[in-house]
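Trainee: A single structure is presented below for examination.
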Amino acid sequence: MGDKDLMDQEEIYSKVLRAGRRTYFFDVRSTKAGDYYLTLTESKKFTHEDGSFHYKKHKIYLYKEDFQSFREIMSEMMDYIIEEKGLEVISERHQKDFKKEEPSENGEMKSTDNFTDVDFDDI
């Protein structure tokens, strides 16, 4: 039996989450002894100037003995982020109308959006 056959044989259950340039794969796999474990894979697409592309993958193997601790810490971290920053996504790559700030003459950050040029110190 070839490596490909072994790989196909050990996959038990899978889910995919597509998120922009990233894709997350959640795969239940089987050990040689017949026990199950989870693999989490992040695959990120990179496009070259010539139009060709490649993927970078990062993989985590999570075994049953670590499930409870992993779940608790993951839940705690996600709750912390939501409590501190809310559910709104504020990163540049996720907002189409995001305007990058640039330093002004006095070194302060100034938005490149020219909607208003009001300096509240002048009011």
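The values are calculated or read from the model by the stated rules, or taken from the named source; none is laboratory data. In this text, all values refer to a predicted model and were calculated from it rather than measured experimentally. All Cβ positions, even for glycine, are placed from backbone atoms using ideal geometry, and neighbour counts span all protein chains on display.
Trainee: Hey, can you tell me all the residues within the stretch 53-75 that are surrounded by 10 or more Cβ atoms within 10 Å (Cβ to Cβ) and not in a strand (DSSP E or B)?
Mentor: Lys64, Asp66, Phe67, Phe70, Arg71, Glu72, Ile73, Met74, Ser75
Trainee: Please tell me if Ser43 is closer than 18 Å to Leu17 by Cα and either among the hydroxyl-bearing types (Ser, Thr, Tyr) or assigned to a helix (DSSP H, G or I) (or both).
Mentor: The answer is yes for Ser43.
Trainee: Only one of these conditions is not met by Glu102: (1) at pLDDT below 90; (2) assigned to a loop (DSSP other than H, G, I, E, B); (3) more than 19 Å from the chain's Cα centre (by Cα). Which number is it?
Mentor: With (1) at pLDDT below 90; (2) assigned to a loop (DSSP other than H, G, I, E, B); (3) more than 19 Å from the chain's Cα centre (by Cα) applied to Glu102, the lone miss is (2).
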